[in-house]
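The values are calculated or read from the model by the stated rules, or taken from the named source; none is laboratory data. Here the structure is a predicted model, which is why all the values come from computation and not from measurement. Cβ placement follows ideal geometry from the backbone for every residue including glycine, while neighbour counts extend to all protein chains displayed. Just the protein is used for accessible areas: all its heavy atoms, side chains included, with ligands, DNA and RNA removed. Shrake-Rupley method; radii C 1.70, N 1.55, O 1.52, S 1.80 Å.
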Amino acid sequence: MHSMTGYGRGSARGPGGNVLVEIQSVNKRQLELAVTLPPSFASADADVRAAVAQRVHRGRLTVTVRHEPAEAAQRPAVNEALARGYVATLHELKRCLGLSGEVSIDTLVRLPGIFDVPLNVPLSDGLRGVLAEALDEAMAQLMTMRAREGAHLQSDLLQRVQLIRGFLAKAMALQPGVAARYHRQLRERLRQFETEIDLQDERLIKELAFFAERCDFSEEGTRLESHLAQFENTCRQAESIGRTLEFIGQEIGRELNTLSAKANDAQISQLVVQGKAELEKMREQMQNVE
């Protein structure tokens with residue numbers, strides 16, 4: 001089991017400079033990727049997305065890539081041909097206008113285009129390899145954190161399943177006494193009204209049979225236990241299970257609601273309420289499961 005929240009950071013160095021990759025992950029029902037790359041790395045966008053999507057299936061991930069070019073790559077280049085053209089033009093202008101003075105270096109460096117400063121280093125094959133290395137490291141850290149948090153989620157969810165199973169066992173133990181208690185209460189009411197009814201009266205037998213059938217939640221209990229076992233088995237799977245757990249959680253809630261409607265007993269109703277409370281906590285946790 002993996003959580004959908006996590007953080008990873010990776011860096012790598014190559015001839016073209018350093019590449020830093022940061023990945024942040026938060027909850028999202030589907031996979032959503034937001035990738036920020038330096039302009040010269042734009043052609044690697046599809047590769048980055050594919051590498052992330054191969055290992056992550058749910059969540060909103062923000063991938064940020066930064067590039068620090070090597071010192072040699074940042075050194076400005078001089079446009080010598082343009083500089084010579086400026087000098088020749090300035091000398092011609094000085095001759096035409098009869099001006100004095102020399103064309104100095106201070107004058108030349110202020111003219112546009114003399115220096116070519118490489119703002120973005122092209123994405124060479126070497127830089128692609130450096131990017132892949134940094135991305136792998138960031139993904140490894142992210143997956144480690146997601147797995148660690150997923151283990152905590154798994155432990156919490158399994159504990160709550162056991163609590164619901166305990167409530168169910170108590171409710172099932174109380175079920176046989178519900179009909180018997182109703183029988184005693186019915187007889188007591190009849191005595192209070194001084195109504196003489198034969199205990200073998202067909203109407204009384206039908207009423208008791210109808211009540212016993214109406215409050216029998218054996219099938220719901222069996223299905224609920226099956227859903228709880230399925231939930232436990234799913235929790236122990238390694239792949240993306242968040243949506244499956246949410247579906248099973250809905251089935252557990254449906255059986256609890258039916259059981260509550262059939263209970264006709266204050267103690268059983270209280271146990272069902274406690275089970276629903278635990279299920280609600282499970283639903284909150286399931287929102288974090290990939």
Would you check which residues across the range 13-29 are open to solvent by less than 40 Å² (accessible area, probe 1.4 Å) and under 17 Å from the mean Cα position of the chain (by Cα) and list them? ILE23, SER25
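Going through ASP201, ASP265 one at a time, which residue ends up being at pLDDT below 70 and either under 30 Å from ALA147 (Cα atoms) or open to solvent by less than 40 Å² (accessible area, probe 1.4 Å) (or both)? Explain how you work it out, then say what you get.
On the way: ASP265 fails: at pLDDT below 70.
Matching residue, one of ASP201, ASP265: ASP201.
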Going by the conditions given, is ARG13 basic (Lys, Arg) and either free of Cβ contacts under 8 Å to residues at least 60 places away in the same chain or assigned to a strand (DSSP E or B) (or both)? yes
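Would you mention how many residues in the range 121-133 are open to solvent by less than 50 Å² (accessible area, probe 1.4 Å), among the small types (Gly, Ala, Ser) and outside any helix (DSSP H, G or I)?
Going through the range 121-133, the residues open to solvent by less than 50 Å² (accessible area, probe 1.4 Å) turn out to be 121, 123, 126-127, 129-132.
In the following step, the residues that additionally are among the small types (Gly, Ala, Ser) were identified as 126, 129, 132.
Retained after the next criterion (residues that are outside any helix (DSSP H, G or I)): none.
The qualifying residues number 0.
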Could you please tell me which pairs satisfy a Cβ distance under 8 Å, a separation of 6+ or placement on different chains, a first residue in the range 79-104 that is of a type in the set (Phe, Trp, Tyr), and a second residue that is surrounded by 10 or more Cβ atoms within 10 Å (Cβ to Cβ) and part of a helix (DSSP H, G or I)? TYR86/LEU108
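Just checking, which of GLU290, GLU232, GLU278, GLU239 is acidic (Asp, Glu) and touching a Gly at 6+ places or on another chain (Cβ under 8 Å)?
Working: GLU232 fails: touching a Gly at 6+ places or on another chain (Cβ under 8 Å); GLU278 fails: touching a Gly at 6+ places or on another chain (Cβ under 8 Å); GLU239 fails: touching a Gly at 6+ places or on another chain (Cβ under 8 Å).
None of the others qualify; the one that does is GLU290.
Residues checked against (1) at pLDDT 90 or above; (2) over 30 Å from ARG58 (Cα atoms); (3) open to solvent by less than 50 Å² (accessible area, probe 1.4 Å); (4) in a helix (DSSP H, G or I):
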{"position": "LEU119", "(1), (2), (3), (4)": "no, yes, no, no"}
{"position": "LEU135", "(1), (2), (3), (4)": "yes, no, yes, yes"}
{"position": "ARG148", "(1), (2), (3), (4)": "yes, no, no, yes"}
{"position": "LEU153", "(1), (2), (3), (4)": "yes, no, yes, yes"}
{"position": "ASP156", "(1), (2), (3), (4)": "yes, no, yes, yes"}
{"position": "VAL161", "(1), (2), (3), (4)": "yes, no, yes, yes"}
{"position": "GLY166", "(1), (2), (3), (4)": "yes, yes, yes, yes"}
{"position": "MET172", "(1), (2), (3), (4)": "no, yes, no, yes"}
Across the range 108-117, the tally of residues that are open to solvent by 60 Å² or more (accessible area, probe 1.4 Å) and either at pLDDT 75 or above or touching a Lys or Arg at 6+ places or on another chain (Cβ under 6 Å) (or both) stands at 3
Given the condition of a type in the set (S, T, N, Q) and under 27 Å from the mean Cα position of the chain (by Cα), answer yes or no: does some residue in the range 67-82 qualify? no
